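Readers should treat all values here as calculations from the given coordinates under stated rules, not as data from a laboratory. All figures in this text were calculated on a predicted structure; none of them were measured in a lab. Every residue, glycine as well, gets a Cβ built from its backbone with ideal geometry; the counts of neighbours run over all protein chains shown.
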Amino acid sequence: MKSAIRIFPVIVIILYALSCSPSLKVYSDYDRSQTFTKFKTYALFASDSSKPALSELNKKRILSAIQSEMVKKGFIENTTKPDLLVNAVAVRKNEVGVSFATDYYGYGGVYRPYAWSGTLGLSSGTTYQYDTYQDGSLIIDIVDASTKKVVWVGTGTARIDRPLKNPDQQIPEFIAKIMAGFPPGAPGTPLP
């Protein structure tokens, strides 16, 4: 009983920390005709398409995290003749969410054989609420350098209402989640 009392505050703290971080939805896909074991080296493909969506500091954090993940997966950086080119693109767009609620106070019938306001069960009302928010996506394309064809793509999408509290820690965690399925077929790698 005493150990359960000691563990409970730890669980509460972990759940609170998880609830404060943005929820990242991750998707990945790959070319099933590729043999990924033939790829040994990579180079980052610097694209300027992320400029409007990212600060320079976050762009550096993302590229550094991608390099770290590639090294963890056994790839060697080779900027002169790589097997793979890795490109990251950030997209930010405004979205509108709509929610609604309907009250059925005037509903009459077998279970509620009464009506409010003397309308004999014919009154109800629906309220709509509109919510504008920013949706951010990070797309990581991995391209076969010899054929210039995409062999793997990973996408992470999250609602971004405010800046990250600790981008030096959170960005590498997000990149690790996005790249968890690369390379496909490696031990411990989930297949999409």
Can you give the FRET efficiency for Tyr128 and Ala180, using 1/(1 + (r/R0)^6), R0 = 41 Å, r = Cβ-Cβ distance, to the nearest 0.05? 0.60
Given H placed on each backbone N at 1.01 Å, which residues far from Thr41 in sequence or on other chains put an amide H within less than 5 Å of it? Ile76, Asp83, Leu84
Sites Leu63 and Arg159, calculated FRET efficiency, Cβ-Cβ separation with R0 35 Å, nearest 0.05: 0.90
Each label sits 7 Å from Cα toward the beta-carbon; between Lys72 and Ser146 the label points are separated, in nm, by 2.9 nm
